[in-house]
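Notes follow once the structure below has been shown.
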Amino acid sequence: MLDLDIISPELIVGSRPQDENDVVQLKRLGVTGVLNLQSDSDLNHLGVNWSAIWKLHVRYGLEIQRFPID
């Protein structure tokens, strides 16, 4: 389940999408792109399968970029 805050109509910030339901929720909210800033160690610690999450975003037509911050 996503924890989101709507900053403006063009900017929503929140937790990372964890599964298909989260990606669908983003799509329903009108999100068109996602920027992920988590480091490799964050993803590993949380057990995130980045490839699977990326594929879900692509499947639902959301642009996704990752720029890890260590």
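The values are calculated or read from the model by the stated rules, or taken from the named source; none is laboratory data. Here the structure is a predicted model, which is why all the values come from computation and not from measurement. We place every Cβ from the backbone using ideal geometry, glycine too, and count neighbours over all the protein chains shown. When the accessible area is computed, the model is the full protein with side chains, heavy atoms only, and any ligands, DNA or RNA have been set aside. Shrake-Rupley method; radii C 1.70, N 1.55, O 1.52, S 1.80 Å.
Give the carbon-plus-sulfur fraction of the accessible surface of the chain in %, rounded to a whole number; probe 1.4 Å, heavy atoms of protein chains only.
Details: 2620 of 5020 Å².
On the chain, the fraction of accessible area on carbon and sulfur atoms equals 52 percent.
Please find the FRET efficiency linking R66 to Q25, where r is the Cβ-Cβ separation and R0 is fixed at 22 Å, and quote it to the nearest 0.05. Intermediate results must be reported in sequence, preceding the final value.
Numbers: r = 20 Å, r/R0 = 0.89.
The pair R66/Q25 has a calculated efficiency of 0.65.
Here is the list for the chain: chymotrypsin sites (Phe, Trp or Tyr not before Pro) lying in DSSP coil, each with at most 16 other C-beta atoms within 10 angstrom of its C-beta, are Y60. Annotation: extensible slack from H45 through R59 equals 2.5 nm (criterion: 0.36 nm per residue apart, minus Cα-Cα distance). Globularity index of the chain is 1.05 (Cα radius of gyration / 2.2 N^0.38 Å, N = number of residues).
Dipole of the chain computed with +1 at Lys/Arg Cβ and -1 at Asp/Glu Cβ about the Cα centre; of L62, L46, L2, farthest Cα towards the positive end is L62. Modelled spin-label separation between Q18 and A52, with each label point placed 7 Å from Cα along the Cα-to-Cβ direction: 1.3 nm. Calculated [222 nm] ellipticity per residue, helices only, for the chain: -10500 deg cm²/dmol; basis is -39500 (n - 2.57) per DSSP H run with n ≥ 4, divided by all residues, nearest 500. Considering only L43, L56, L26, the mean-square fluctuation computed in a Gaussian network model of the chain, springs between alpha carbons under 10 angstrom, is largest for L43. Modelled label positions at L35 and M1, each set 7 Å beyond Cα in the direction of Cβ, lie 2.8 nm from each other. Beta-bridge orientation, the chain: approximately 50 percent antiparallel, per DSSP, counting only bridges with both partners inside.
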